[in-house]
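Chemist: After the structure tokens below, expect a handful of questions from me.
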Amino acid sequence: QVQLVESGGGLVQAGDSLRLSCAVSGLTSRNYAMGWFRQAPGKEREFVAAVSRSGGITRYADSVKGRFTISRDNAKNTVYLQMNSLKPEDTAGYYCAASLGLAASSGQGVYDYWGQGTQVAVSS
């Protein structure tokens, strides 16, 4: 019943920007913390960004600080990941996740629901 659907991925050049969206259904998004993770070919899934239930607290991986911004619009049940100054190493499948807890957590084990992913490819 709970469904998370990512969109906005694509093929871009280094230095370009993309905005990913995650549409949430089956729950009220304001009651859940949200996060973004990514997984490149041959690598493990890694944390990218997270936002608390209220949107007041955010966390970022060191590799994306200053370039990526996570935000949420609870009225639209949507979470966003604005990605600026993209680098080839950002190439990966990006996944949205929802946690039943309050915290903006970097630990993927605390997330209860996951989307199907959207692909981002950055050429040099």
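Taken together, the values in this text are just the output of simple stated rules run on the coordinates, not laboratory data. Fair warning: this is a prediction, and the values are worked out from it, not measured in the lab. A quick note on method: Cβ atoms are made from the backbone with ideal geometry, for glycine too, and the neighbour counts reach across all protein chains shown.
Chemist: Where the only charges are on Cβ atoms (+1 Lys, Arg; -1 Asp, Glu), what is the dipole of the chain about its Cα centre, to the nearest 20 debye?
Modeler: On the way: 12 positive and 9 negative charges, 55 e Å.
Dipole of the chain, to the nearest 20 debye: 260 debye.
Chemist: Ok, one more. Given contacts defined as C-alpha pairs under 8 Å and at least six residues apart, what's the relative contact order of the chain, whole-number percent? List each step's numbers first, then the result.
Modeler: Numbers: 325 pairs, mean separation 45.0, N = 124.
Averaging sequence separation for qualifying contacts and normalising by length gives 36 percent for the chain.
Chemist: Determine ³J(HN,Hα), in whole Hz, for all residues of the range 46-53 in sequence, where each value follows from phi through the Karplus function 6.51 cos²θ - 1.76 cosθ + 1.60 and θ = phi - 60°; x replaces Gly and Pro.
Modeler: Residue by residue, the range 46-53 yields 10, 6, 10, 7, 8, 9, 6, 4 Hz.
Chemist: Now a separate question. Alpha carbon centre of the range 19-72 versus the range 76-113: separation in Å?
Modeler: 2
Chemist: Once you list every other residue whose beta carbon is under 13 Å from the beta carbon of Ser105, what net charge do they have if Lys and Arg are +1 and Asp and Glu are -1? List each step's numbers first, then the result.
Modeler: Working: positive: Arg53, Arg59; negative: Asp112.
Cβ neighbours under 13 Å give a net charge of +1.
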